[in-house]
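Below is one structure, written out as structure tokens; comments come after it.
Nothing in this text is a laboratory measurement; each read-out follows from the coordinates by a stated rule. No experiment lies behind these values; they were computed from the predicted model shown. In this analysis, Cβ positions are derived from the backbone assuming ideal geometry, glycine residues included, and neighbour counts consider all displayed protein chains.
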Amino acid sequence: MKTRILFLFNHDAAHQAAHIAGIAGQLVLQAPHIQVVIATGVEAIRNAVAAMVPPEAHQAIEWRSLEIPNNVKRRLTSINKVAPVLRLARLRYNLDLFAGVDVVVSTERTCLRVRRQLRDAAPRFVYVPHGSGDRNVAYHPHLAEFDLMLLSGQKLVDEMVRHRIVPAAKCRIIGYPKFDTVPNAGWRRFFDNDRPVFLYNPHFDPFLSSWYKVGIEILEYFSQNPQYNLIFAPHVMLFRKKFHFSLEYKIGKIRPDIPNKYLAASNIIVDVDGQNLFDMSYTRSAHVYIGDVSSQVYEFLHRRGACFFLDAARQTKVGARLPYEFWENGDVCQTIRSLTSLLPEWRERAESYRPTQDRLFGYTMDHNPQLSSVERASMALASYAEMPCKVRRPEPTYDVRSQQFSMT
């Protein structure tokens, strides 16, 4: 019987898909003795994943939908606007699928609920982060429940060890799969002029995001300065909800809407849910990055450039170490005035930070000129899948109504 490796895409938006879709496709081509299973929660995600998987791999993949009863879906849809209850329901109603595979590959930790529910019947779990940032949530204690981690660079290995999440022996450095997965991810012209393009990319966290405090002021600055172009491309989850609550900081806020005057500005592009948010079109096409705590800054730094970070929570202290290492890639500002005073010097700021950006990018995003990241990841998975399990996994069947297993 073939070893079965399931790639889990259990999210309502497609921003995490490119981090493992290419690995799944490469594993099909590289290890035909392994049965690749792709499980998706919504049709839009399935279509996005299919577009990133090589056409020659499609037929060999077992495509599965994470179905939940319609009455449950209707009951949870409104609650899902505040909390990810549909994601959790998809896991609970598909335990039989997870029990029937040997390895689950995921970009986030909610899948670990499956491990806790299946116990000895659970497969092994492999973690591929959907980004390479430095926030506390990137090193959450629950990540210790993963059996293996496929990480972009030495920085993430060092941090996993420093936070006592996992030992280095449970980590494999593979590079950044998204760079090898997204097709035609290069520079694009979004404006019909040659003025510099600034990208504003705020996070959705209500405590850390700059959008709640100064976001509209940033839009106003660019509307008053047409010598610059602006792409407002926030984290896709920012405008998926009107109210955001941070479990990490125990704070909730209502997300401000975008005034119509900025939607009509000729030098401003506003995109809160388009495909370009996921395929690095904006990060690859901007000259300047303005953000706060999103790890997308490293996708921008693939080609280097000026970075400005807004410390909305005022975490930086004079003489103290910056709270996030990626803030070392540019200037950190606590007010809109300090930011806008620096923006005209973006070329000089880019040059002054270039050595630091080179160092941190290399530390965060490992590059092997002989092998792509998806090749490295598929090799690591194929090797890991052949390792014996610590516990022999029974073959269970699961009854959804009774929510009980029977072992055969």
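Results, tabulated for the structure shown:
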| quantity | calculated |
| --- | --- |
| Label point distance in nm, ASP194-GLN275, each placed 7 Å from Cα along Cα→Cβ | 3.0 |
| Charge context of TRP187, other residues only, Cβ under 12 angstrom, K/R +1, D/E -1 | +4 |
| ³J(HN,Hα) computed for each position of the range 277-294 - Karplus, 6.51 cos²θ - 1.76 cosθ + 1.60, integer Hz, glycine/proline x | 5, 9, 9, 6, 4, 6, 5, 7, 10, 8, 8, 9, 10, 10, x, 9, 10, 7 |
| Distance violations [Cα-Cα > 26 Å] among LYS73/LYS213; LYS73/LYS242; LYS213/LYS242 | LYS73/LYS213 |
| Sparse-neighbour loop sites [GluC sites (Glu not before Pro); the range 242-325; at most 14 other C-beta within 10 Å; DSSP] | GLU248 |
| Expected 222 nm ellipticity per residue - DSSP helices of 4 or more, -39500 (n - 2.57), all of the chain, to 500 | -8000 deg cm²/dmol |
| Within the range 4-20: backbone nitrogen closer than 14 Å to the GLU62 label point (7 Å, Cα to C-beta) | 4-8 |
| Inter-part distance where the range 21-48 and the range 295-342 are each reduced to a Cα centre, Å | 36 |
| Local net charge near GLN16, Cβ-Cβ under 14 Å (Lys/Arg +1, Asp/Glu -1) | +1 |
| With 20 Å bins from 0: P(r) over the chain, alpha-carbon pairs, percent | 26, 57, 17, 1 |
| Helix 373-385 vs. the chain, principal-axis angle (Cα, 0 to 90°, nearest 10) | 30 |
| Cross-link reach list, lysines versus LYS178, counting only Cα pairs under 21 Å and skipping chain neighbours closer than eight places | LYS155 |
| Ratio of Rg to Rh over the range 197-364 (Cα coordinates, Kirkwood Rh, two decimals) | 0.93 |
| Linear extension gain, VAL72 paired with LEU29, 0.36 nm per residue minus alpha-carbon span | 11.7 nm |
| Kirkwood Rh and Cα Rg combined as Rg/Rh, the range 123-258 | 1.05 |
| Between helix 346-364 and the chain: long-axis angle, C-alpha atoms, 0 to 90°, nearest 10 | 20 |
| Segment THR335-VAL318, length gained on full extension (0.36 nm per residue, minus Cα span) | 4.6 nm |
| On Cα atoms only, tilt of 43-52 relative to the major axis of the chain in degrees | 80 |
| Proximal aspartates and glutamates relative to LYS81, as straight alpha-carbon distance under 12 Å, when same-chain residues fewer than 8 apart are discounted | ASP12 |
| Cα-based Kirkwood hydrodynamic radius, the range 43-134, one decimal, Å | 15.1 |
